[in-house]
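The values are calculated or read from the model by the stated rules, or taken from the named source; none is laboratory data. All figures in this text were calculated on a predicted structure; none of them were measured in a lab. Note that we place each Cβ from the backbone using ideal geometry, even for glycine, and neighbour counts take in every protein chain shown. With ligands, DNA and RNA removed, areas are computed over all heavy atoms of the protein, side chains included. Shrake-Rupley method; radii C 1.70, N 1.55, O 1.52, S 1.80 Å.
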Amino acid sequence: VPHRLTGPFPEVVEVRGEQVVLAGNELPWIPPAADLRGAPPRTEDGGPLRIVLSHTPDQLAWAQAQDADLMLAGHTHGGQIRLPWLGALLTPSQKGVRYASGIFYAPPTVMHVTRGISGQFPIRLNCPPEMAHLVLRSAADTPTAPQA
């Protein structure tokens, strides 16, 4: 039975009085990926925030097609073995090591790929486990640079 975030419809929750749309994707292993066409429409200020969860960063094009603001992914474990100046040697991804770990921007979506805290093979070299703590702020809450 698919989890309700990876089913065909998104979940809408309220955070601090604002709607947030949550949806998921377990492709290519477990279909279907959520379809955000049924999500609340965008408002004049760009809301509601759309956050999608995907097991693998290979689903970035899906997130973009869903007009997602943020995609959270894993699966690559950062490559598990990273060499100085070269980075990850190999990841289980259709995109090779391109999205091994980190933050990427592919308009309109920001994607965060975590290295995670475990893996099938417990070998890690220059790739420590990671439990990410992301803080999301609205534009109104973001400090601006002082004017000259």
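Screening Ala68 on (1) of a type in the set (A, V, I, L, M, F, W, C); (2) surrounded by 21 or more Cβ atoms within 10 Å (Cβ to Cβ); (3) in contact (Cβ under 8 Å) with a residue 60 or more places away in the chain shows it passes everything except condition (3). In a loop (DSSP other than H, G, I, E, B), among the aromatic types (Phe, Trp, Tyr) and within 16 Å of the chain's Cα centre (by Cα): does that describe Tyr105? No: the conditions fail for Tyr105.
Any chance you could count how many residues in the stretch 93-117 are in contact (Cβ under 8 Å) with a residue 24 or more places away in the chain, surrounded by fewer than 13 Cβ atoms within 10 Å (Cβ to Cβ) and out of contact with any helix residue (DSSP H, G or I) (no Cβ under 6 Å at 6 or more places or on another chain)? Reasoning before the result, please.
Kept after step one, since they are in contact (Cβ under 8 Å) with a residue 24 or more places away in the chain, are these residues of the stretch 93-117: 93-95, 99-101, 104, 106-116.
Narrowing further to those that are surrounded by fewer than 13 Cβ atoms within 10 Å (Cβ to Cβ): 94, 107.
Now restrict to residues that are out of contact with any helix residue (DSSP H, G or I) (no Cβ under 6 Å at 6 or more places or on another chain): 107.
Of the residues in the stretch 93-117, 1 are in contact (Cβ under 8 Å) with a residue 24 or more places away in the chain, surrounded by fewer than 13 Cβ atoms within 10 Å (Cβ to Cβ) and out of contact with any helix residue (DSSP H, G or I) (no Cβ under 6 Å at 6 or more places or on another chain).
Restricting attention to the stretch 14-38 and to residues that are within 14 Å of Trp62 (Cα to Cα) and part of a helix (DSSP H, G or I), the residue that is modelled with the lowest pLDDT turns out to be Arg37. When residues in the stretch 45-65 are screened for being modelled with pLDDT of 90 or more, in a loop (DSSP other than H, G, I, E, B) and open to solvent by 30 Å² or more (accessible area, probe 1.4 Å), 1 of them pass. For the residues Gly87, Gly78, the requirement of being in contact (Cβ under 8 Å) with a residue 12 or more places away in the chain and more than 16 Å from the chain's Cα centre (by Cα) singles out Gly87. Within the stretch 36-65, how many residues are without any contact (Cβ under 8 Å) to a residue 12 or more places away in the chain and among the β-branched types (Val, Ile, Thr)? Count: 1.
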